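Peer 1: Submitted below is the structure of interest, expressed as structure tokens.
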Amino acid sequence: MPSNDVASMHRRAFLRALAAMGAGAAVAGNPLRLPGEASAVQPRIRMVNGAAAAGLDFVLRNGAAGRKYQVETLPGGLGVIDFDGDGWPDLYCVNGATLPGMTKTGPDFWNRLFRNNRDGTFSDVTAKAGLAGEGYGMGVAVADYDNDGFEDIFVVGVHGNHLYRNNGRGAFTDMTASAGLAGPGSLGRPAWSVAACWIDYDNDGFLDLFISNYCDWSPGSDPVCGGMDPQSRAYCHPDKYRAQVMQLYHNNGNGTFTEVTRKEGLPNLLGKGMGVAMADWAGDGRPGIFVANDNSRNLLLRNRGKGLEEVGVEAAVAYNGDGRNISGMGADFGDIDGDGLPDIVMTGLKNETYDVFLNRGKGLFDDGSAQTGLLSLSRPWSGWGCGLVDLDNDGWLDLFVAAGGLDVQDAQTNRVFANNSGRFVDVSNEAGPGMGQAALHRGVVFADFNRDGRIDAAVSAINAPIELWWNRGPEKGPAHHWLQLHLTGRQSNRSAIGAVVRCTVGSRTQVRTVSGSVGYASSSDLTVHFGLATAGRASVQIQWPSGKLQNLGEVAADQRLSITEPVVA
């Protein structure tokens with residue numbers, strides 16, 4: 001490692017340690033206040049779990065029966081999809097299977113599709129849609145891969161992924177084999193895939209597919225850890241398993257895909273991949289990918305127009321400020337400090353602290369865990385799914401984390417960290433309170449499910465009921481204004497994934513990249529949401545993946561706009 005990189009690493013480690021000491025002193029000064037519970041700001045975030053009343057009866061089942069198979073710890077992806085095209089977000093839940101057979105023996109193990117009834121309730125339409133699935137599921141990615149106007153579903157799992165094409169009549173067809181996505185591809189052996197990301201990396205108007213693979217695993221080779229006595233068994237550390245290579249599939253534009261992992265120079269992308277996030281982090285109009293890895297260096301892919309290049313070390317996101325790796329789980333891009341550049345947040349297990357990488361431009365990041373307050377706030381909490389979303393519509397991206405450890409004794413409540421001008425404050429107890437019952441939470445997705453202008457969250461939990469956190473806004477005072485945009489590409493891919501939207505109020509501009517890849521193994525709503533605080537109007541500009549720049553001018557707040565890419569002769 002170059003000497004200047006080493007010096008920078010030592011400096012970041014010193015700042016992290018200094019911040020941790022300061023946080024500890026503050027906590028020690030008030031013995032009744034636990035780390036992460038200090039809140040000098042009265043929160044405007046109030047969320048209520050209404051899953052049962054809404055008709056969401058899904059339970060994420062991992063098939064655990066005492067043997068401690070490694071796959072039991074990782075399922076839980078969720079997907080937001082408007083499968084019927086009515087403009088209201090529906091919900092898809094990925095489920096596990098029996099072990100060691102990895103088969104869905106009945107409805108308890110089905111994946112589930114819930115239709116949004118547009119009245120605060122959902123209906124199970126899994127059987128009619130043909131989406132019960134098969135095998136041991138992990139995650140999901142949603143987009144219109146064939147540009148026919150209907151959002152499709154790609155489910156990743158243990159030793160088998162599945163592409164479901166939306167036929168537009170409320171049903172889906174498994175196209176995995178005919179699309180060229182069956183089998184392990186270049187890996188040469190079954191893959192354990194955790195997450196996937198749709199990205200048009202070559203900008204030909206068709207969405208390509210990036211797959212985050214985890215470990216080389218099979219039930220017959222799973223080691224026994226913790227002790228031979230069933231009561232003393234524990235889940236093994238990831239170091240007990242060999243990593244698997246990430247994969248990239250090119251969309252041929254005719255309903256089929258071709259693996260181009262080696263062609264694009266990616267065969268060495270080992271890392272025990274978990275959550276995947278996507279954004280135009282380099283600011284060059286070509287979105288790239290961040291992969292959170294479990295106790296291995298993180299990966300950052302930059303799109304230079306001629307394929308993808310891994311630049312994690314050069315960009316200073318491969319390791320945290322201490323020069324270490326954490327148990328990277330979920331990840332998301334978002335502008336945390338308000339400078340218009342997409343930063344990165346990554347969750348890990350308790351006592352590791354989450355990682356924050358602040359985008360400084362020119363392809364470089366700084367460790368921002370201390371500066372943003374997450375260094376101390378996150379220490380007690382094991383985080384999986386996460387998302388940088390504006391929960392109180394004040395124009396600053398808050399952080400929602402689906403929390404929970406590896407085993408039943410490590411159940412935790414979800415966390416909400418409010419963004420106070422670039423520094424986070426834990427408001428979980430005031431927002432929830434405590435964000436509900438402790439559980440082994442995993443995936444979380446975000447959407448305005450009831451279209452009231454506030455972002456809601458759905459959270460899965462292992463062997464526990466799904467949670468739907470309705471965002472009710474502040475108890476006191478007026479609600480903030482908001483603006484939502486749903487984009488449809490024409491020359492660009494129809495889902496408009498990779499489009500960059502800028503929303504300006506006064507001297508401040510918020511920037512979002514259209515992407516569903518958020519958190520852990522999940523796919524959130526493709527609708528772009530902006531909080532406008534007290535402003536009643538905002539100026540909006542869209543940079544489409546095709547390169548077209550569209551100025552909407554000044555638009556009124558508190559509305560959802562459907563924008564189609566203009567075609568210029």
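The values are calculated or read from the model by the stated rules, or taken from the named source; none is laboratory data. The model shown is predicted, which means the values in this text are computed figures rather than measured ones. Glycine gets a Cβ as well: all are built from the backbone with ideal geometry, and neighbour counts include every protein chain shown. Just the protein is used for accessible areas: all its heavy atoms, side chains included, with ligands, DNA and RNA removed. Shrake-Rupley method; radii C 1.70, N 1.55, O 1.52, S 1.80 Å.
Peer 1: Of everything in segment 518-568, what is touching a residue at least 24 places away in the same chain (Cβ under 8 Å), farther than 20 Å from Arg454 by Cα and in contact with a Phe, Trp or Tyr (Cβ under 8 Å, 6 or more places away or on another chain)? Give them in sequence order.
Peer 2: Scanning segment 518-568 gives Tyr520, Glu565.
Peer 1: Looking at segment 209-216, can you tell me whether even one residue there is farther than 26 Å from Thr73 by Cα, surrounded by 15 or more Cβ atoms within 10 Å (Cβ to Cβ) and in contact with a Gly (Cβ under 8 Å, 6 or more places away or on another chain)?
Peer 2: Step one: filter segment 209-216 for residues farther than 26 Å from Thr73 by Cα, giving none.
No.
Peer 1: Could I ask something else about it? Restricting segment 323-363 to residues that are part of a loop (DSSP other than H, G, I, E, B) and of a type in the set (Val, Ile, Thr), which is surrounded by the fewest Cβ atoms within 10 Å (Cβ to Cβ)? Step through it out loud before you land on a result.
Peer 2: At the first step, the residues of segment 323-363 found to be part of a loop (DSSP other than H, G, I, E, B) are 323-326, 328-330, 335-342, 347-354, 362-363.
Next, only the ones that are of a type in the set (Val, Ile, Thr) stay: 326, 336, 347, 353.
Values: Ile326: 22, Ile336: 28, Thr347: 33, Thr353: 26.
The qualifying residue surrounded by the fewest Cβ atoms within 10 Å (Cβ to Cβ) is Ile326.
Peer 1: How about segment 385-411: which of its residues are crowded, with 23+ Cβ neighbours inside 10 Å and more than 19 Å from Phe449 (Cα to Cα)?
Peer 2: Within segment 385-411, Gly395, Trp396, Ala403, Gly404 meet the criteria.
Peer 1: A further question on this structure: Criterion first (out of contact with any Gly (no Cβ under 9 Å at 6 or more places or on another chain), closer than 25 Å to Gly96 by Cβ, buried (at least 24 other Cβ atoms within 10 Å of the Cβ) and not β-branched (Val, Ile, Thr)) does Ala461 satisfy it? Spell out the reasoning first.
Peer 2: On the way: out of contact with any Gly (no Cβ under 9 Å at 6 or more places or on another chain): no; closer than 25 Å to Gly96 by Cβ: yes; buried (at least 24 other Cβ atoms within 10 Å of the Cβ): yes; not β-branched (Val, Ile, Thr): yes.
Judged against the criteria, Ala461 is not a match.
Peer 1: Suppose we keep only residues that are aliphatic (A, V, I, L, M), farther than 17 Å from Asn251 by Cβ and modelled with pLDDT of 95 or more within segment 145-197. Which one would you say is surrounded by the fewest Cβ atoms within 10 Å (Cβ to Cβ)?
Peer 2: Among them, the one singled out is Ala171.
Peer 1: Next up: Here are the criteria: (1) hydrophobic (A, V, I, L, M, F, W, C); (2) buried (at least 21 other Cβ atoms within 10 Å of the Cβ); (3) touching a residue at least 40 places away in the same chain (Cβ under 8 Å); (4) under 27 Å from Trp192 (Cβ atoms). Tell me which single one Leu99 does not satisfy.
Peer 2: Result: Leu99 passes all but (2).
Peer 1: So, one more: Would you mind stating whether Gly66 is within 18 Å of Asn161 (Cβ to Cβ) and either open to solvent by 10 Å² or more (accessible area, probe 1.4 Å) or at pLDDT 95 or above (or both)?
Peer 2: no
Peer 1: Shifting gears a bit: Within segment 111-146, take every residue that is assigned to a strand (DSSP E or B), of a type outside the set (A, V, I, L, M) and under 21 Å from the mean Cα position of the chain (by Cα) and give me the one that is nearest to Gly330 (Cα to Cα). Lay out the reasoning, then the answer.
Peer 2: Step one: of segment 111-146, the residues assigned to a strand (DSSP E or B) are 112-116, 122-124, 136-143.
Subset that is of a type outside the set (A, V, I, L, M): 112, 114-116, 122-124, 136-137, 139.
So of that shortlist, the ones also under 21 Å from the mean Cα position of the chain (by Cα) come out as 112, 114, 136-137, 139.
Values: Arg112: 22, Phe114: 24, Tyr136: 20, Gly137: 17, Gly139: 12 Å.
Once the filter is applied, the top-ranked residue is Gly139.
Peer 1: Take the conditions hydroxyl-bearing (Ser, Thr, Tyr) and over 30 Å from Pro545 (Cα atoms) and apply them to Ser428. Does it pass? Talk me through it step by step, then tell me what you get.
Peer 2: Working: hydroxyl-bearing (Ser, Thr, Tyr): yes; over 30 Å from Pro545 (Cα atoms): yes.
Considered against the rule, which asks whether it is hydroxyl-bearing (Ser, Thr, Tyr) and over 30 Å from Pro545 (Cα atoms), Ser428 comes out as yes.
Peer 1: Report whether or not Asp366 is among the acidic types (Asp, Glu) and assigned to a strand (DSSP E or B).
Peer 2: Yes: the conditions hold for Asp366.
Peer 1: Is it the case, given these coordinates, that Ser539 is crowded, with 20+ Cβ neighbours inside 10 Å and of a type in the set (Ser, Thr, Tyr)? First the steps, then the outcome.
Peer 2: Working: crowded, with 20+ Cβ neighbours inside 10 Å: no; of a type in the set (Ser, Thr, Tyr): yes.
In short, no.
Peer 1: Restricting attention to segment 303-322, which residues are assigned to a loop (DSSP other than H, G, I, E, B), of a type in the set (A, V, I, L, M) and over 20 Å from the mean Cα position of the chain (by Cα)? Before you say what the answer is, go through the steps one by one.
Peer 2: Of all residues in segment 303-322, those assigned to a loop (DSSP other than H, G, I, E, B) come to 304-307, 311, 316-322.
Now narrow it down to the ones that are of a type in the set (A, V, I, L, M): 311, 316-318.
Val311, Ala316, listed by residue number.
Peer 1: Still on this model: Show me the strands (runs of 3 or more DSSP E) entirely contained within segment 246-287 in which 3 or more residues are surrounded by 24 or more Cβ atoms within 10 Å (Cβ to Cβ) and on the phi < 0 side of the Ramachandran plot.
Peer 2: On the way: elements: 247-251, 257-259, 273-279.
Hits in segment 246-287: 247-251, 273-279.
Peer 1: Filter segment 247-297 for residues that are over 26 Å from Ala316 (Cβ atoms), hydrophobic (A, V, I, L, M, F, W, C) and at pLDDT 95 or above and give the result. Please lay out each step first, then the result.
Peer 2: Step one: filter segment 247-297 for residues over 26 Å from Ala316 (Cβ atoms), giving 249-260, 262-263.
Those left that are additionally hydrophobic (A, V, I, L, M, F, W, C): 257, 260.
Within segment 247-297, Phe257 is the sole residue that qualifies.
Table: residues versus (1) of a type outside the set (Asp, Glu); (2) over 30 Å from Gln70 (Cβ atoms); (3) touching a helix residue (DSSP H, G or I) at 6+ places or on another chain (Cβ under 6 Å).
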site: Ala141; (1), (2), (3): yes, no, no
site: Asp144; (1), (2), (3): no, yes, no
site: Val155; (1), (2), (3): yes, no, no
site: Asn166; (1), (2), (3): yes, yes, no
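Peer 1: Working only within segment 339-369, note down all residues that are out of contact with any strand residue (DSSP E or B) (no Cβ under 9 Å at 6 or more places or on another chain) and touching a residue at least 12 places away in the same chain (Cβ under 8 Å).
Peer 2: Asn351, Thr353, Gly361, Leu364
Peer 1: Out of curiosity, is Gly180 at positive phi and either in contact (Cβ under 8 Å) with a residue 24 or more places away in the chain or out of contact with any Lys or Arg (no Cβ under 8 Å at 6 or more places or on another chain) (or both)?
Peer 2: On the way: at positive phi: yes; either in contact (Cβ under 8 Å) with a residue 24 or more places away in the chain or out of contact with any Lys or Arg (no Cβ under 8 Å at 6 or more places or on another chain) (or both): yes.
Yes.
Peer 1: Determine whether Gly220 is assigned to a helix (DSSP H, G or I), more than 25 Å from Phe446 (Cα to Cα) and open to solvent by 40 Å² or more (accessible area, probe 1.4 Å). So that I can check it myself, show each step before the final result.
Peer 2: Working: assigned to a helix (DSSP H, G or I): yes; more than 25 Å from Phe446 (Cα to Cα): yes; open to solvent by 40 Å² or more (accessible area, probe 1.4 Å): yes.
In short, yes.
Peer 1: Write out, first by first residue and then by second, each pair whose Cβ atoms fall under 6 Å of each other, whose residues are 6+ apart or on separate chains, and whose first residue, in segment 412-429, is closer than 20 Å to Asn351 by Cα while the second is surrounded by 24 or more Cβ atoms within 10 Å (Cβ to Cβ) and among the acidic types (Asp, Glu).
Peer 2: Here the result reads Phe417/Asp426, each pair linking segment 412-429 to a residue that is surrounded by 24 or more Cβ atoms within 10 Å (Cβ to Cβ) and among the acidic types (Asp, Glu).
Peer 1: Filter segment 487-522 down to the residues that are crowded, with 23+ Cβ neighbours inside 10 Å, more than 20 Å from the chain's Cα centre (by Cα) and not in a strand (DSSP E or B) and list them by number.
Peer 2: Across segment 487-522, the qualifying residues are Gly489, Ser492, Asn493, Arg494.
Peer 1: A further question follows. If Ala569 passes every condition in (1) at pLDDT 95 or above; (2) open to solvent by 20 Å² or more (accessible area, probe 1.4 Å); (3) not aromatic (Phe, Trp, Tyr) but one, which one does it miss?
Peer 2: Condition not satisfied by Ala569: (1).
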